[in-house]
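Right, one structure below, let's go through it.
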Amino acid sequence: MSEAVLPTKEQVLEALKVVKDPEIPVNVVDLGLVYDVEIKETGDVEITMTLTAIGCPAQDIVKADAEIAVMRLAGVNSVNVEFIWSPPWTPAKMTEDGKRQMRMFGFNV
């Protein structure tokens with residue numbers, strides 16, 4: 001039996017770029033919401049992320065969208081998204097591309 005080809009952290013992050021916060025028209029990666037990605041040898045992917053605010057009503061939607069996006073990658077058996085609130089998210093965590101996208105939508109970042 002040959003070893004399964006696992007996705008790289010970069011491939012997982014790229015897959016997550018289709019996931020958007022419903023209130024902000026920028027993906028969760030460029031918003032700086034993804035804190036960590038761990039890919040286990042079993043093909044299980046653990047994603048640690050946050051949202052822009054505690055109690056965000058979109059939490060379940062973002063979690064489901066992230067799981068679906070990463071499950072599409074070859075070699076992934078399961079995806080677990082864990083939300084953490086420390087450290088809290090700030091606009092400083094955004095990528096330059098994320099800041100540019102926010103400015104296009106009229107946000108001052």
The condition from (1) touching a Leu at 6+ places or on another chain (Cβ under 8 Å); (2) modelled with pLDDT of 95 or more; (3) not basic (Lys, Arg) that ALA64 misses is numbered (1)
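Residues GLY75, GLY43, GLY32: which one is within 25 Å of LYS99 (Cβ to Cβ) and of a type in the set (Gly, Ala, Ser)?
On the way: GLY75 fails: within 25 Å of LYS99 (Cβ to Cβ); GLY43 fails: within 25 Å of LYS99 (Cβ to Cβ).
None of the other options fit; the residue is GLY32.
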Taking the range 59-90 and keeping residues open to solvent by 70 Å² or more (accessible area, probe 1.4 Å) and either among the hydroxyl-bearing types (Ser, Thr, Tyr) or not in a loop (DSSP other than H, G, I, E, B) (or both) leaves ASP60, ILE61, ILE68, MET71, GLU82, SER86
Within the range 91-101, residues in contact (Cβ under 8 Å) with a residue 24 or more places away in the chain, assigned to a helix (DSSP H, G or I) and farther than 16 Å from ALA53 by Cβ come out as ASP97, GLY98, GLN101
Contact list, first residue from the range 55-70 and within 20 Å of LEU13 (Cβ to Cβ), second anywhere and assigned to a helix (DSSP H, G or I) and open to solvent by less than 50 Å² (accessible area, probe 1.4 Å), beta-carbon distance below 8 Å, six or more apart or interchain, is ALA66/LEU16; ALA69/ALA15; ALA69/LEU16; VAL70/VAL12; VAL70/ALA15; VAL70/LEU16
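The values are calculated or read from the model by the stated rules, or taken from the named source; none is laboratory data. Remember, predicted model here, so these are calculated numbers, not experimental data. Note that we place each Cβ from the backbone using ideal geometry, even for glycine, and neighbour counts take in every protein chain shown. Areas reflect the complete protein model, heavy atoms only, side chains present, ligands, DNA and RNA absent. Shrake-Rupley method; radii C 1.70, N 1.55, O 1.52, S 1.80 Å.
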